[in-house]
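**Student:** Let me give you the structure first, and then I'll get to my questions.
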Amino acid sequence: MLLIHGEADPDIPQSESAKILAAYTQAGGTAGQLVTFPGAEHVRSYPKDPARYEQTLLAFLGQYLK
């Protein structure tokens, strides 16, 4: 599970993504990762840093979808 969260999200605190990841891990989930984007608001991580967003997504998919 890959969670991407903007650190400047006014709608959903970053702590909520951390809770989701913790619950996933506690339930036996593997390959969980939370990546945050400084200065990004809600659903604005991609526009804030497209290159890093794409790199993060492709690295995650490349690691787990073989």
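The values are calculated or read from the model by the stated rules, or taken from the named source; none is laboratory data. This one's a predicted model, so the numbers in the text were calculated from it and none came from an experiment. Counting neighbours? That spans all protein chains shown, and the Cβs are built from the backbone with ideal geometry, glycine included. Keep in mind that these areas ignore ligands, DNA and RNA; they rest on the heavy atoms of the full protein, side chains included. Shrake-Rupley method; radii C 1.70, N 1.55, O 1.52, S 1.80 Å.
**Student:** With a 1.4 Å probe and every protein chain kept in, tell me what percent of the accessible surface of the chain is carbon plus sulfur.
**Tutor:** So the carbon and sulfur contribution to the accessible surface is 55 percent.
**Student:** Going by amide H atoms built from the backbone, whose H comes under 5 Å of the H on Phe37, apart from near neighbours?
**Tutor:** Those lying under 5 Å, H to H, from Phe37 are His5, Gly6, Glu7.
**Student:** If I compute Rg/Rh (Cα atoms, Kirkwood Rh) from the structure I just sent, which labelled value in [x] 0.99; [y] 1.18; [z] 0.94 lines up?
**Tutor:** [x]
**Student:** Set the Förster distance to 22 Å, then compute FRET efficiency between Gln63 and Gln26 from the Cβ-Cβ distance, nearest 0.05.
**Tutor:** My answer for the efficiency is 0.50.
**Student:** Would you tell me the accessible area of Thr25, worked out with a 1.4 angstrom probe on the heavy atoms of the protein chains, in Å² to the nearest 10?
**Tutor:** Approximately 80 Å² for this residue.
**Student:** Accessible area per residue for the chain in Å², computed with a 1.4 Å probe and the full protein assembly in place, what is it?
**Tutor:** Roughly 67 Å² per residue, with all protein chains present.
**Student:** Just to check I understand the Karplus step: with θ = phi - 60° and J = 6.51 cos²θ - 1.76 cosθ + 1.60, what whole-Hz values come out for the stretch 4-9, glycine and proline as x?
**Tutor:** Along the stretch 4-9, the couplings run 10, 9, x, 5, 9, 5 Hz.
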